[in-house]
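Read through the structure below, which is laid out as structure tokens, and then see the notes.
Coordinate-derived values only; no laboratory data. Small disclaimer: the values here were computed from a predicted structure and weren't measured. We place every Cβ from the backbone using ideal geometry, glycine too, and count neighbours over all the protein chains shown.
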Amino acid sequence: MTKNYFPASENKLFDAGGGLTRKVAAHDKNVMCVEVHFETGTVAALHHHPHEQITYVISGKFEFTVGDKTYVVGPGDSLYKQPDIVHGATCLEAGTLLDIFTPHREDFL
């Protein structure tokens, strides 16, 4: 059965370590929304995965590497990461990102 409503009070905060926490919000097998919180200086190491990903910056300032390019981004900026592209980030000023994945990240559930 498809779930259509994901109240914030039911979204558990997961401590991924190193100054990074996340909450999985609305999701189904084809798409997933994740709120990610970074403390200043937190590094999301370079990695890749088979999912397409869009990152929207809600707050803070970040340096993102996507493939062979690096971008400094802030509130309102967004990034697209195609499947299997190497990417990572360093948080320059504490903030929050909204990540959208397709298909969903089974490893986040």
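Mind checking which pairs have a first residue in region 47-67 that is closer than 19 Å to residue 95 by Cα and a second that is acidic (Asp, Glu) and in a strand (DSSP E or B), Cβ under 7 Å, 6 or more apart or different chains?
Sorted first by the residue in region 47-67, then by its partner, the pairs are 53/99; 55/99; 60/93; 61/93.
Can you find a residue that is closer than 21 Å to residue 5 by Cα and either in contact with a helix residue (DSSP H, G or I) (Cβ under 8 Å, 6 or more places away or on another chain) or assigned to a strand (DSSP E or B) (or both) anywhere in region 36-49?
Yes, the conditions are met somewhere in region 36-49.
Name the residues in region 59-81 that are surrounded by 12 or more Cβ atoms within 10 Å (Cβ to Cβ) and outside any strand (DSSP E or B), would you?
Across region 59-81, the qualifying residues are 74, 75, 77.
Considering region 1-54 alone, what residues qualify as being in contact with a Ser or Thr (Cβ under 7 Å, 6 or more places away or on another chain) and farther than 22 Å from residue 69 by Cβ?
13, 14, 15, 18, 19, 20, 28, 30, 31, 35, 37, listed by residue number.
Among the candidates 27, 49, 37, which residue alone is out of contact with any strand residue (DSSP E or B) (no Cβ under 8 Å at 6 or more places or on another chain) and surrounded by 12 or more Cβ atoms within 10 Å (Cβ to Cβ)?
Matching residue, one of 27, 49, 37: 49.
One residue is enough: does region 60-77 have a residue meeting the conditions among the polar types (S, T, N, Q) and within 18 Å of residue 98 (Cβ to Cβ)?
The answer is no; no qualifying residue exists.
Go through region 17-31 and give me each residue that's in a strand (DSSP E or B) and either touching an Asp or Glu at 6+ places or on another chain (Cβ under 9 Å) or within 14 Å of residue 109 (Cβ to Cβ) (or both).
20, 21, 22, 23, 24, 25, 26, 27, 28, 31
Please verify whether residue 2 is surrounded by 10 or more Cβ atoms within 10 Å (Cβ to Cβ) and either among the polar types (S, T, N, Q) or not in a strand (DSSP E or B) (or both), treating the condition exactly as stated.
Spelling it out, it is not the case that residue 2 is surrounded by 10 or more Cβ atoms within 10 Å (Cβ to Cβ) and either among the polar types (S, T, N, Q) or not in a strand (DSSP E or B) (or both).
Would you point out which residue out of 85, 100 is part of a strand (DSSP E or B) and either surrounded by 13 or more Cβ atoms within 10 Å (Cβ to Cβ) or in contact with a Gly (Cβ under 6 Å, 6 or more places away or on another chain) (or both)?
The unique qualifying residue is 100.
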